[in-house]
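Q: Below you'll find the structure I mean.
The values are calculated or read from the model by the stated rules, or taken from the named source; none is laboratory data. Please read all numbers here as calculations on a predicted model, not as lab measurements. FYI the Cβ positions are ideal-geometry reconstructions off the backbone, even for glycines, and counts take in every protein chain you see.
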Amino acid sequence: MCYVYILQCADNTLYTGWTNNLNKRLDSHNKGKGAKYTRCRLPVKLVYFEEYEDKISAQKREYEIKQMSRIKKLELIKNSSFSI
């Protein structure tokens, strides 16, 4: 299983990524070993995720989400079971 996720950083920015192990990836981000973008914006909080059967589908969806405006991302999060 692969996941596309959105993190809320300490500075209230949003980061989107994909992984095949959501808990491990979140832990990596919060230990400063994740993406360069999140390293100086700790701690991060998981606010949204989607599940996919394969890596390619997850990467395509990650790209789609990254192309969205902040407002659209916040709508996506708001309409999910997560809350900021």
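Q: Filter segment 73-84 for residues that are in a loop (DSSP other than H, G, I, E, B) and more than 14 Å from the chain's Cα centre (by Cα) and give the result. Break it down stepwise before answering.
A: Within segment 73-84, the subset in a loop (DSSP other than H, G, I, E, B) is 79-84.
Within segment 73-84, N79, S81 meet the criteria.
Q: In segment 40-72, what residues are buried (at least 17 other Cβ atoms within 10 Å of the Cβ) and in a helix (DSSP H, G or I)?
A: A58, R61, E62, I65
Q: From the list G17, G34, exactly one residue is in a loop (DSSP other than H, G, I, E, B) and under 13 Å from the mean Cα position of the chain (by Cα). Which is it?
A: On the way: G17 fails: in a loop (DSSP other than H, G, I, E, B).
None of the other options fit; the residue is G34.
Q: Here's something else I'd like to know. Return the residues of segment 20-40 that are closer than 20 Å to L76 by Cβ and either aromatic (F, W, Y) or touching a Cys at 6+ places or on another chain (Cβ under 7 Å) (or both); say none if nothing qualifies.
A: The answer is Y37, T38.
Q: Could you give every pair whose Cβ atoms fall below 9 Å, whose first residue belongs to segment 25-36 and is within 14 Å of A10 (Cα to Cα) and of a type in the set (D, E, K, R), and whose second residue is modelled with pLDDT under 95 and surrounded by fewer than 15 Cβ atoms within 10 Å (Cβ to Cβ), counting only separations of at least 6 or pairs across chains?
A: K31/L42
Q: Considering segment 1-53 alone, what residues qualify as being basic (K, R) and touching an Asp or Glu at 6+ places or on another chain (Cβ under 8 Å)?
A: The answer is R41, and nothing else.
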